[in-house]
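Read the figures in this text as sums done on the coordinates, not as results from a lab. Computed from a predicted structure; not experimentally measured. Reconstructed Cβ throughout: ideal geometry from the backbone, glycine too, with neighbour counts over all protein chains shown.
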Amino acid sequence: MATLTKLDDIVSLAKRRGFIFQSSEIYGGLASCYDYGPLGVELKNNVKRAWWKSVVQMRDDIVGLDSSILMHPMIWKASGHADKFADLISECKKCHSRTRVDQLKNKNGSEGDVNELSNKVCPACSSVGQFTEPMPFKLMFETQMGANAEDTMTLYLRPETAQGIFANFRNVLDSTRVKVPFGIAQIGKSFRNEVTTKAFIFRTREFEQAEIEFFCEPGTDEQWYETWKAARFAWYTDLGIKADNLRFREHDADELAHYAKACTDVEYKFPFGSGDWQELEGIANRADYDLRQHQRGMRSMNAWFEQGRDLMKVNLVDEAEDYHKGPLSFYDDQKKKHYIPYVIEPSAGMDRSTLAFLVDAYDEEEVKGQTRNVLRFHPALAPTKVAVFPLVKKEGMPDIAHNITDDLKRYVTAFYDEKGAIGRRYRRQDEAGTPYCITVDGDTLAEKTVTVRERDSMEQIKVSVDQIKGYIRDKLDM
Ligand code: ATP
């Protein structure tokens with residue numbers, strides 16, 4: 001079993017095969033921004049589809065949402081992001097590069113005390129103990145909205161999709177028949193002006209999140225938290241991630257946000273560097289913090305106008321005494337009571353999981369004295385599901401192969417290829433992770449069968465032409 005041990009190897013593989021390119025490369029590149037190429041966009045779309053299918057389509061208790069990236073600035077006041085969403089950074093006095101304090105390592109390689117900088121090594125120039133006092137660095141990108149000076153205001157590109165869900169909690173309750181316990185799920189772009197970069201698509205400044213806010217009755221939250229941890233772990237392994245490469249990491253009490261009751265990360269063991277375990281997803285018990293904060297935000301709109309719509313000058317007003325009956329409360333008509341639901345939040349990164357699926361699928365093996373490179377994607381994630389080849393470009397084989405391809409394209413991504421020796425064509429599909437190849441050959445003309453080759457076992461079987469569509473759809477479960 002071969003793995004990729006250097007990040008550079010995965011970067012070059014991703015580029016060579018058209019999965020991922022540096023953004024704006026022809027202009028020298030834009031740091032921490034990436035583009036998904038022809039195979040990459042299929043892979044990432046499949047990851048998103050698999051997530052949506054598992055959390056929305058297959059469940060009765062979750063509905064979907066697609067909220068806008070630009071939102072009212074008071075959302076970020078109420079959520080706490082406007083005041084607190086910053087990383088503590090420190091500048092190296094020697095080379096002036098800035099690093100997140102929590103990511104600095106001691107001279108002996110240990111993590112040590114985060115606040116003790118005298119022994120920390122600058123990752124850019126290797127100087128030891130040359131750091132300035134830590135300072136907060138704001139992570140939200142600002143932009144201006146409005147054409148006229150009097151109505152122009154500063155907005156923020158959202159740093160998470162979750163707040164769009166809380167802001168629509170009432171709309172969803174009023175327009176659908178959901179009742180607590182229920183969830184709202186959303187996939188969308190988020191933006192953070194990250195300090196630490198150079199981690200390929202693991203940490204980018206524009207990225208895609210898939211988030212669920214699952215609303216439940218206080219008192220049932222701990223049970224739901226455990227249920228969601230198990231469900232989200234299983235999602236990765238069901239889609240082929242090796243269980244040995246996945247683990248939970250429970251946050252220590254001093255790592256938790258003040259309002260959070262508990263938080264666990266799902267971590268993946270990336271094989272690069274020292275083989276670091278890194279976060280793919282966080283699952284948090286956020287109690288009733290967010291909805292209560294937005295009720296305060298809604299009550300603070302006068303203050304916002306009075307302060308000339310300057311977010312930094314606004315203070316949120318206190319919570320109403322009967323907040324549990326407020327506009328973002330839920331009325332349980334069986335128990336005849338109002339309450340603010342508790343929230344379990346599984347928050348996943350679609351780029352990070354795409355990277356994990358790519359790395360985990362990579363394999364090299366010796367076949368007849370030659371190295372075979374293969375991406376063993378789960379069929380649901382494979383960018384191309386089936387490739388169809390005429391053995392030779394004559395005797396009507398291309399026409400038959402074209403017909404089979406067109407027929408399959410209505411259901412799955414199918415790719416026609418007639419160039420090069422048949423062995424080379426198989427290898428190219430192995431490298432792209434295509435689970436099945438169909439070859440139209442002499443037997444097709446004589447016996448109306450095609451040869452189906454399976455990617456992982458390389459086994460070949462004959463299937464009759466009129467059953468090929470059903471056979472492939474059955475195998476792919478599509
Ligand atoms: P980190 O500690 O790595 O910066 P975080 O704990 O701030 O991440 P969350 O705010 O919990 O991350 O975001 C939820 C998920 O969104 C993460 O688990 C990750 O998959 C994804 N994510 C967050 N920031 C980025 C980023 N800059 N690039 C790519 N994905 C990201």
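Helix 221-238 and the long axis of the chain differ in direction by around 30°, with both axes built from C-alpha atoms. Note on Asp238 and Lys107: with the Förster distance fixed at 35 Å, the Cβ-Cβ geometry gives a FRET efficiency of about 0.25. Counting only Cβ charges, +1 for Lys and Arg and -1 for Asp and Glu, the dipole size of the chain around its Cα centre is about 1020 debye. Note on Asn315 and Lys84: the extension gain reaches 81.8 nm, defined as 0.36 nm multiplied by sequence separation minus the Cα-Cα distance. With both labels modelled 7 Å from their Cα along Cα-to-Cβ, the Thr196 to Val463 distance reads 4.6 nm. Here r is the Cβ-Cβ distance between Lys6 and Gln57 and R0 is 41 Å; the resulting FRET efficiency, rounded to 0.05, is 0.60.
The Cα center of segment 432-478 and the Cα center of segment 8-76 differ in position by 31 Å. Computed from Cα positions, the angle between helix 289-299 and the longest principal axis of the chain comes to roughly 60 degrees. The modelled label-to-label distance for the pair Lys393/Asp35, using points 7 Å beyond Cα in the direction of Cβ, is 3.0 nm.
Only helical runs count toward this figure. For the chain, summing -39,500 (n - 2.57) over DSSP H runs of n ≥ 4 and dividing by all residues gives -8000 deg cm²/dmol at 222 nm.
Simple rule: put +1 on each Lys or Arg Cβ and -1 on each Asp or Glu Cβ in segment 86-138, find the dipole, and look at Gln103, Met135, Cys92; the Cα lying farthest toward the positive end is Cys92.
When only the Cβ of Lys, Arg, Asp and Glu is charged (+1, +1, -1, -1), the dipole of segment 86-138 relative to its Cα centre reaches about 240 debye.
Scalar couplings 3J(HN,Hα) for segment 80-95, obtained by applying the Karplus form with A = 6.51, B = -1.76, C = 1.60 to θ = phi - 60°, are x, 5, 4, 8, 10, 7, 8, 9, 7, 10, 9, 9, 6, 5, 7, 10 Hz; x denotes Gly and Pro. On the beta carbon distance between Glu447 and Trp277, with R0 = 45 Å, the FRET formula returns roughly 0.25. Using a simple spin-label model with pseudo-atoms 7 Å out from Cα toward Cβ, Asn45 and Asp456 lie 2.5 nm apart. The H on the amide N of Met140, modeled in the peptide plane, is under 5 Å from the matching H of Asn193, each at least 5 residues off or on a different chain. The phi torsions of segment 249-264, fed into the Karplus equation with coefficients 6.51, -1.76 and 1.60 and a -60° offset, translate into couplings of 10, 6, 6, 6, 4, 6, 8, 6, 4, 4, 8, 7, 7, 6, 8, 10 Hz, rounded to whole numbers, with Gly and Pro shown as x. Scanning the chain for GluC sites (Glu not before Pro) in DSSP loops with at most 11 neighbouring Cβ atoms within 10 Å leaves 117-320 as the longest stretch between them.
With respect to the chain, whose longest principal axis is taken over its alpha-carbon atoms, helix 38-52 is tilted by about 60°. At full extension, Lys325 and Gln370 could sit 9.2 nm farther apart than now, given 0.36 nm per residue minus the alpha carbon distance. Karplus-derived 3J(HN,Hα) values for segment 147-161, using 6.51 cos²θ - 1.76 cosθ + 1.60 with θ = phi - 60°, are 9, 9, 3, 6, 10, 6, 9, 7, 10, 10, 6, 4, x, 7, 8 Hz; glycine and proline are entered as x. One quarter of the convex hull surface built on the alpha carbon atoms of the chain amounts to 28.8 nm², the projected area averaged over directions.
Between Met135 and Ala421, full extension at 0.36 nm per residue minus the direct alpha carbon distance yields a gain of 96.9 nm.
Kirkwood hydrodynamic radius computed over segment 400-447 comes to 11.8 Å, based on all pairs of distinct alpha carbons. The separation of segment 216-278 from segment 390-408, counted between C-alpha centres, amounts to 48 Å. Near the amide H of Val388, within less than 5 Å, lie the amide hydrogens of Phe415, Tyr416, Asp417, Ile438, all on another chain or at least 5 residues away, with H placed in the peptide plane.
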